[in-house]
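Have a look at the structure below before the remarks.
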Amino acid sequence: RVSPPPGGREPIDEYVPAAGRDKGKGPVVAEPPPFKDVPQAGADASSGTSVDTGEPAAQAEEGRADYFENDAYVDVRVPTHLLTHDHLIAFDADEQLPGLVQIYSNISVYYGRGAEVSYNFAAIQQYLMDHVLLGKPFIDLELPKFSFANEGRQAGYHSVLRDRIPQIELSDEVKEKIREELSSPQYLHECMEVLEVVLGFLASMGGTHVRTLPAKQFLVDYMKNTLSMAASPLYATKTISSNVQLQHLLSLWNVLDDILTVDPFANVMSRYKVELTEEHVVALQDAAPHLDLGDLLPAMKDFMQNYLQDNATMGPKYPLKGTLGVYTNAQQDEFEELDWYQTYFPEGDLLLENILHTYLFLSDIPH
């Protein structure tokens with residue numbers, strides 16, 4: 001589009017969004033806006049050159065903030081089994097965007113200034129909102145399962161899931177009932193495979209889907225309604241069906257892993273398996289009554305299995321308290337911020353090289 005000289009007819013710089021129009025402002029149309037007889041905005045009358053005021057960028061930023069707050073916006077969600085073409089966004093950027101950009105562009109007609117082009121980005125963005133996005137619902141995913149072959153911990157799904165859905169521990173009573181129900185090794189393996197499918201899906205999916213999941217949603221409900229798992233060995237376990245929620249996923253995984261694995265720390269490097277001294281034992285015995293072992297022990301186990309196996313590079317001579325201090329518990333609190341940890345966890349020469357035997361020692365203390 002060509003910008004006329006001052007005093008001529010100028011394209012309207014402000015595109016009025018469909019959602020904000022009054023009846024008196026005319027109907028919503030897909031054609032480019034009309035022209036009006038007004039002095040050229042931002043023009044230098046003496047030179048006839050077009051001046052970029054920078055207002056479109058500010059308008060675009062404001063438009064992004066206001067779009068989801070205007071009265072016409074409705075938070076509508078459609079499950080995938082009810083999805084139709086009318087719910088989808090139909091826009092071919094390669095075909096449609098160049099023409100739209102051309103409509104909302106200004107090219108100088110003055111000699112020697114033909115390469116000067118400015119764009120009304122606010123109008124382009126608002127047009128897309130009104131004619132492409134407005135009225136389109138969010139989509140609640142319901143996808144059939146897919147398999148991850150024992151890649152849960154190796155692919156980092158546990159740490160990703162913990163960041164997305166806060167995790168807490170199952171009670172000791174529930175854990176014991178799960179162990180009693182899952183007595184068959186074959187059945188255990190089948191349950192673990194299904195659980196890794198769920199972990200892999202939640203860790204791989206991003207955006208609104210994961211952030212809006214209620215942590216207290218029951219695992220079996222999520223598997224049936226979202227992952228469309230019609231049958232699963234987990235459904236047959238009464239304790240898991242009635243007690244395990246999405247916030248318990250890692251706790252359940254650890255329970256199953258403990259049953260299946262003879263030595264869960266077999267792959268922890270030997271330099272982190274140094275025995276405790278008598279001084280260490282005394283210090284830990286004194287500290288144990290004041291420590292939240294239900295919070296600390298799962299985090300220590302997770303830390304060893306995630307960061308101290310295979311080619312771990314952490315120095316074994318690092319102070320154990322300082323190293324674990326920056327690690328987070330299931331509620332995403334750093335241990336160094338917790339009073340009981342800061343006050344009572346032993347310092348001195350208790351090092352990272354002693355972490356395994358510190359864990360084993362504290363695990364034998366009733367809690």
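Looking across the range 308-338, the residues that are open to solvent by 40 Å² or more (accessible area, probe 1.4 Å) and either of a type in the set (D, E, K, R) or assigned to a helix (DSSP H, G or I) (or both) come down to ASP310, LYS317, GLY322, ASP333, GLU334, GLU336, GLU337.
So, in the range 264-279, of the ones that are assigned to a helix (DSSP H, G or I) and more than 20 Å from TYR327 (Cβ to Cβ), which residue ends up least open to solvent (accessible area, probe 1.4 Å)? Selected residue: SER270.
Regarding the range 290-305, can at least one residue be identified that is part of a helix (DSSP H, G or I), surrounded by fewer than 17 Cβ atoms within 10 Å (Cβ to Cβ) and more than 28 Å from the chain's Cα centre (by Cα)? So far as the range 290-305 goes, yes, one or more of its residues are part of a helix (DSSP H, G or I), surrounded by fewer than 17 Cβ atoms within 10 Å (Cβ to Cβ) and more than 28 Å from the chain's Cα centre (by Cα).
Just to verify a result, which residue in the range 143-181, among those that are touching a His at 6+ places or on another chain (Cβ under 8 Å) and open to solvent by less than 50 Å² (accessible area, probe 1.4 Å), is modelled with the lowest pLDDT? Only one residue fits best here, namely GLY152. Scanning the range 230-263 for residues that are in a loop (DSSP other than H, G, I, E, B) and touching a helix residue (DSSP H, G or I) at 6+ places or on another chain (Cβ under 6 Å) yields SER232, THR237, VAL244. Taking the criterion of being part of a helix (DSSP H, G or I), open to solvent by less than 40 Å² (accessible area, probe 1.4 Å) and not hydrophobic (A, V, I, L, M, F, W, C), the only residue of the range 82-124 that qualifies is GLY99. Within the range 226-260, can you find the residues that are out of contact with any Leu (no Cβ under 8 Å at 6 or more places or on another chain), surrounded by 12 or more Cβ atoms within 10 Å (Cβ to Cβ) and not small (Gly, Ala, Ser)? Scanning the range 226-260 gives MET229, PRO233, TYR235, THR239, GLN247, ASN254, ASP257, ASP258. Being surrounded by fewer than 20 Cβ atoms within 10 Å (Cβ to Cβ) and touching a residue at least 12 places away in the same chain (Cβ under 8 Å) is a property that GLN285 lacks.
Cβ-Cβ distances below 6 Å connect the following pairs, each with a first residue in the range 215-229 that is in a loop (DSSP other than H, G, I, E, B), a second residue that is among the polar types (S, T, N, Q) and crowded, with 19+ Cβ neighbours inside 10 Å, and a separation of six or more residues or different chains: ALA215/GLN247; LYS216/GLN245. Taking the criterion of being touching a residue at least 60 places away in the same chain (Cβ under 8 Å) and among the acidic types (Asp, Glu), the only residue of the range 234-263 that qualifies is ASP257.
The values are calculated or read from the model by the stated rules, or taken from the named source; none is laboratory data. Treat the numbers as computed from the prediction; the structure is a model and nothing was measured. With ideal geometry, Cβ positions are generated from the backbone for all residues, glycine too; neighbour counts draw on all protein chains shown. These area figures cover heavy atoms from the full protein model, side chains too; ligands, DNA and RNA do not enter into them. Shrake-Rupley method; radii C 1.70, N 1.55, O 1.52, S 1.80 Å.
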